[in-house]
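Take a look at the structure set out below.
The values are calculated or read from the model by the stated rules, or taken from the named source; none is laboratory data. Because the structure is a prediction, the values reported are computed rather than measured. So basically every Cβ, Gly included, is an ideal-geometry build from the backbone, and we count neighbours across all protein chains shown.
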Amino acid sequence: MGDCNSETNRLLKEFYVPNYILDPESEREPISYTPGCPVIVFINSRSGGQLGGDLLVTYRQLLNELQVFDLKEEAPDKVLHRLYSNLEKLKSDGDNLAAEIQKRLRLIVAGGDGTASWLLGVVCDLKLAHPPPVATVPLGTGNNLPFSFGWGKKNPGTDRQSVKSFLEQVTKATEMKIDSWHIVMRMRIPKEGSCDPIAPPELPHSLHAFQRVPNADSLNRNGYCTFRGGFWNYFSMGMDAQVSYAFHSERKLHPEKFKNQLVNQSTYAKLGLTQGWFLPSLPQTSSRNIAQLATIKVMRKPGYWEKLNISHSIRSIICLNLPSFSGGFNPWGTPSKRKARDRDLTAPFVDDGLIEIVGFRDAWQGLLLLTPKGHGTRLAQARGVRFEFHKGAAEHTYMRLDGEPWKQPLPADDDKVVVEISHLGQVNMLATLNCRSKSINDPSSPSSGQQDEDSSSGESEEDTEAKRKFGAADTFKLPTAYE
């Protein structure tokens with residue numbers, strides 16, 4: 001656990017996880033104490049330029065090296081599958097320490113929003129009786145997830161004192177439930193070329209691109225590629241996703257230029273200019289017009305879909321779960337009492353089973369978010385959203401899921417590409433006193449009593465079973481004996 005003074009040793013004991021719990025092949029250690037806040041740490045060493053690698057070194061110096069994982073070397077599904085399988089085995093052998101560690105365990109993930117979403121998806125896939133809550137270290141460009149729960153949005157210090165301060169915050173953090181959203185994307189397999197319309201590396205981790213929905217899955221259709229995943233912050237499409245895609249593409253080509261958060265944000269803004277995000281919306285082409293690209297339907301009441309009519313000036317749509325987008329802005333804002341009454345709109349709660357749908361004409365409208373009561377064009381709050389893309393003027397559009405963008409091919413014939421979003425369940429996050437997210441169950445939250453009494457999703461038993469996992473990989477599921 002490194003060379004530390006006695007006070008530091010005492011503190012770090014609270015987070016320690018013994019070798020034999022992490023590695024089934026290790027011999028049991030005689031531990032005379034029970035850690036109060038055992039943690040498993042996942043770090044994306046590629047995030048934050050050099051910061052990810054530096055943070056990895058510091059955590060491994062302070063904690064047991066085996067409880068700190070580099071996501072470049074090992075995926076979180078394999079780590080957690082191995083850990084929980086071993087914990088269940090040890091518990092069945094009467095190991096009380098293993099039982100306590102499992103009960104108190106907290107996860108820390110350091111990376112961008114896409115990295116955090118990847119881990120959340122894996123935790124959901126495991127279907128644990130008591131899933132561990134997750135703390136997020138801001139190590140990306142936007143850092144919307146950490147900012148929403150009070151962990152800040154600036155890249156953290158990587159020295160020992162900074163890491164110890166963060167660990168102390170983890171011990172004091174409170175658990176907060178947030179909605180998780182299921183997303184299904186279906187497109188026809190092309191008649192020519194690759195059987196994958198999008199190369200797997202181009203799709204976000206949280207859409208589980210490397211294994212499509214298997215043939216036995218009820219969502220599978222012959223002749224189609226179906227992807228299934230989940231998100232916790234947002235799904236967006238249009239110009240904002242196009243700018244994000246340009247940024248990520250540039251970073252892949254020249255990673256040496258993206259080692260500073262301020263430089264990254266400046267580059268992002270410049271790309272917004274070159275991609276036309278700041279140009280007036282009136283002369284825009286149909287390829288930038290959401291209304292001509294897709295038919296959008298929303299489910300306001302369980303089981304009832306209705307078409308959402310949107311202005312032809314809208315060039316970007318965001319389906320938002322948390323009150324943070326594009327580095328900390330809240331596009332939904334808080335509707336006035338009149339709008340809440342006339343349009344049946346509520347404040348943006350993170351656990352009410354509703355997703356906020358916001359439109360933007362251009363980046364100039366986005367700058368309104370800098371004003372005290374600024375917001376985008378509020379389109380709807382819904383329990384589900386469906387995008388249907390038909391053959392049109394554009395060959396592709398751009399989409400983004402929790403910070404990870406991709407270039408989405410659109411139909412070339414009479415077929416359609418369908419993206420459907422629906423409520424799945426909830427996950428546990430760790431929140432500090434500076435948390436910006438609001439719970440509908442918190443009496444101190446504004447308008448906390450406005451949730452409909454009927455909060456069911458209107459899904460059949462078959463639909464629920466089909467969506468019991470975000471991922472398509474069977475390895476994400478615990479062995480039957482340990483469920």
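Here are some notes:
- The set of residues in region 162-185 that are out of contact with any Ser or Thr (no Cβ under 6 Å at 6 or more places or on another chain) and in a strand (DSSP E or B) comprises Thr174, Glu175, Met176, Lys177, Ile178, Asp179, Ser180, Trp181, Ile183, Val184, Met185.
The rows are residues; the columns are (1) buried (at least 19 other Cβ atoms within 10 Å of the Cβ); (2) hydroxyl-bearing (Ser, Thr, Tyr); (3) touching a Cys at 6+ places or on another chain (Cβ under 7 Å).
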site	(1), (2), (3)
Arg378	no, no, no
Tyr398	yes, yes, no
Val419	yes, no, no
Ser422	yes, yes, no
Thr432	no, yes, no
Asp442	no, no, no
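Table: residues versus (1) modelled with pLDDT under 80; (2) aromatic (Phe, Trp, Tyr); (3) under 30 Å from Leu107 (Cα atoms); (4) in contact with a Ser or Thr (Cβ under 7 Å, 6 or more places away or on another chain).
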residue: Ala382; (1), (2), (3), (4): no, no, no, no
residue: Phe387; (1), (2), (3), (4): no, yes, no, no
residue: Arg400; (1), (2), (3), (4): no, no, yes, yes
residue: Gly403; (1), (2), (3), (4): yes, no, yes, no
residue: Trp406; (1), (2), (3), (4): no, yes, yes, no
residue: Val418; (1), (2), (3), (4): no, no, no, no
residue: Gln426; (1), (2), (3), (4): no, no, yes, yes
residue: Asp442; (1), (2), (3), (4): yes, no, yes, yes
residue: Asp452; (1), (2), (3), (4): yes, no, no, no
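- Complete set of residues in region 166-196 that are among the basic types (Lys, Arg) and modelled with pLDDT of 75 or more: Lys172, Lys177, Arg186, Arg188
- Which numbered condition Glu100 fails, given (1) touching an Asp or Glu at 6+ places or on another chain (Cβ under 9 Å); (2) modelled with pLDDT of 90 or more; (3) closer than 25 Å to Thr174 by Cβ: (1)
- Ser32 being touching a Phe, Trp or Tyr at 6+ places or on another chain (Cβ under 6 Å), more than 22 Å from Val122 (Cα to Cα) and in the same structural domain as Leu139 (by TED's automatic domain parsing): no
- Spans of helices (runs of 4 or more DSSP H) in region 27-107 with at least 3 residues surrounded by fewer than 20 Cβ atoms within 10 Å (Cβ to Cβ) and of a type in the set (D, E, K, R): 76-92, 96-104
- Every condition in (1) farther than 17 Å from Ile40 by Cα; (2) modelled with pLDDT under 90; (3) not charged (D, E, K, R) holds for Trp151 except the one numbered (2).
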